[in-house]
Every structure is written in structure tokens, then in C-alpha cells.
Amino acid sequence: MAGNTALGTMFGAAGVETFLGIPRCRDLSRLSARMALIGADGCTPYPSVGFYCAGGPAAIRAAGAAYAANLGHMNFDLGGPVFPGGVSAVDAGDLAQDIADPAGNRARIFGAVSQILDRGAVPILLGGDDSLPIPMLEAFGARGRGFTILQIDAHVDWRDEVGGERLGLSSTMRRASEMDHVDAIIQVGQRGIGSARMQDVYDAEDWGVGFVPAGEVARSGIGRALDLISDGAEVIVCLDLDALDPSIMPAVIGRTAGGLGYWQVLELIAGVAEKARIVGFDMVEFMPDRDIDGQGAALAAQLLAAVMGIVDRQG
């Protein structure tokens, strides 16, 4: 570890408080940037697991610190710097979530995302468990109708409840389907055996979900997933990191072989931005306790930086 630290210092890495060293925003009501990042350790926990992804946002920020001194350098994932016209994002830090206050946790996420949207910016939500998207998606309800959700995930999250909890991490897409402002849901990356019952899948298909399983992506690429996105749509991207193969992303609760690769995820998101518009993004289920030598955190930081560059380049 000491050698890694020394190498980072040689290339200009230094301690920073924010992701990539971007400016800190302490008052979202005065936001002027094009996008704002907020973090949360959890939202609506099940009693059996609690905030199992606590520390996730901090770990990803720490992994991104190595890029801070070189933010203006060439990023070959984007064909230029992350922010070619100057830094257009801020980091508002982590929300003060309380494992004993699920309703308050949801309200804090809803409020922060609402403030970002009020200022005409794109919210970037970093987690934390995968119940976080529910209040984020709810916040778009005051911004009209017709939103499309692109969920990239190993699981479909269509359970109505688990242990009596209807707003937990297994129910995000079912709850999204009940929101009047959501017109379309495309779900990419499903594989293996998860929490979904057969009826959950039937309910999703009856609602109109377009499923593109991981096996199809492996065989045929991301083309059909992009075809399911309408031209000009306003898209909220919900990325659960277990969509990625555990060989490159070990830091998740349910490692399942056969996941997507880095380029498949990045090119899917870039393809959405080319034909539609990304109006919100979340990256959830990063579990620091399951990471291996910081590998997952480094990948998450690289991917998050690239996504922010894609959002910056939107028309």
C-alpha cells in the first residue's frame, strides 16, 4: 500500500474532500453547475441487512482522488478531458442518513434531488443501497411526465414487498412503475437467480418493461437496449453496480457470474446520451466490505467520471 501511495503522489495525487476534487457545494439552493453529486449510505433498510453499503460513497470518492490533480488530462474513455469546457459539476457531500429513520432518509434524498432539479441541473446520486432511487425518481414527479428509466442491474427489483417493506431495495422498479410521470422502463443486465418470483417478471412484462438480459448483451451487444430508448426521451439512468461482472466489480452484496463489462455499460450510457437526454443518474450498491484491494472502488470512480463527462457533453 505504501508503494501505491508513493506512486500516486509522484503523479500528483493529493488528499481531496470531493469526487475528482471538483468544487464543493454547501447550499444546493444556490447551485449554478450543470450537475450536482450527492451521496447517501442508505435509505430504506431491511432489518436483516441494515445499511450494508455504508461507506460506499466515501470509498468511491477516495478512489477518484488520484484523478484530482490530472482532471484536465486526456481521458481516453471520452476522447478528451472529463470536462472539456471547464468543470461543470459540484459535490454536495453525503446526506446525514439515519438507519432508524427510513422516512426521513427518503425525505432527505427527495429534497436534495428536488433542489438540484429546481436549479436546472442533473442530479448524480451515489450510494449506498439500491433503495435510494425510489425517492430520487419521485422527485421528478413535479417536472412533468413522460420520463424513461434505464435500469442497469443484475436484478429486476419488482418485488411488491420483502418482510412487509414496500420501499426497500428489491422493489425499486415496481414502485417506479406506479409513478404517473414514468412512461417507460428498460431493464438491462439480468442474470442468474435473484429475488424475483415468476409473477414479478410477468407483472413487469404486462406493465410494458423491455428486458435485455446479460446473456443477450454478451451474445448480441447493446443494440436492442438502445433501440428501446425513444429518440429525444428524458432518461433517468439507474445503475446498480452488481450489473457488472464480479471479476471486475467484487464490491456488491450478490456476486453473480456473467455480468456486463465496463465498456458495455459505458457505451450503453453514451448511446443513450446520443439519441436522448440523461436527466438523472444514480450509482448504487457499492459495498466496501466486499471490495478486493480497492479494485471495485477504482472501477466505480473511473465509470462515474466517464458518466459525468458524457452528461457534460450532452446538447
* Restrict the check to the stretch 193-211 and report whether at least one residue is crowded, with 17+ Cβ neighbours inside 10 Å and touching a helix residue (DSSP H, G or I) at 6+ places or on another chain (Cβ under 6 Å). => no
* Answer yes or no: is there a residue in the stretch 137-144 that is touching a Ser or Thr at 6+ places or on another chain (Cβ under 7 Å) and under 21 Å from Ile60 (Cβ atoms). => no
* **Out of Ser88, Ser114, sole residue that is closer than 18 Å to Met136 by Cα and either modelled with pLDDT of 95 or more or out of contact with any Cys (no Cβ under 7 Å at 6 or more places or on another chain) (or both)** => Ser114
* Asked: Within the set of pairs 6 or more residues apart or between chains, which connect a residue that is closer than 19 Å to Trp263 by Cα inside the stretch 62-77 to a residue that is among the basic types (Lys, Arg) and surrounded by 19 or more Cβ atoms within 10 Å (Cβ to Cβ) with Cβ atoms less than 9 Å apart?
  -> none
* Asked: Taking the stated definitions as given, is Arg175 in contact (Cβ under 8 Å) with a residue 12 or more places away in the chain, over 22 Å from Tyr262 (Cα atoms) and of a type in the set (Lys, Arg)?
  -> yes
* To do: From the list Ala107, Ala66, Ala58, pick out the single residue that is small (Gly, Ala, Ser) and modelled with pLDDT under 95.
  => Ala66
* Looking only at the stretch 237-257, decide whether some residue is among the hydroxyl-bearing types (Ser, Thr, Tyr), part of a helix (DSSP H, G or I) and at negative phi. => no
* Residue list for the stretch 279-307, restricted to those being part of a strand (DSSP E or B) and surrounded by 22 or more Cβ atoms within 10 Å (Cβ to Cβ) -> Gly280, Phe281, Asp282, Met283, Val284
* Asked: In this structure, is Ile38 in contact with an Asp or Glu (Cβ under 8 Å, 6 or more places away or on another chain) and either under 22 Å from Val279 (Cα atoms) or outside any loop (DSSP other than H, G, I, E, B) (or both)?
  -> yes
* Asked: Out of the stretch 74-90, which residues are in a loop (DSSP other than H, G, I, E, B) and either at positive phi or surrounded by 13 or more Cβ atoms within 10 Å (Cβ to Cβ) (or both)?
  -> Asp77, Leu78, Gly79, Pro81, Val82, Phe83, Pro84, Gly86, Val87, Ser88
* Structure fact -> Among helices (runs of 4 or more DSSP H) entirely inside the stretch 91-178, those with 2 or more residues being out of contact with any helix residue (DSSP H, G or I) (no Cβ under 8 Å at 6 or more places or on another chain) are 102-118
* To do: Can you give me the number of residues within the stretch 181-205 that are assigned to a helix (DSSP H, G or I) and more than 26 Å from Arg143 (Cα to Cα)?
  => 7
* Please work out which one of (1) surrounded by fewer than 18 Cβ atoms within 10 Å (Cβ to Cβ); (2) in contact (Cβ under 8 Å) with a residue 24 or more places away in the chain is the condition Glu274 fails and give its number. => (2)
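The values are calculated or read from the model by the stated rules, or taken from the named source; none is laboratory data. Keep in mind the model is a prediction, meaning the values are calculated, not measured. Note that we place each Cβ from the backbone using ideal geometry, even for glycine, and neighbour counts take in every protein chain shown.
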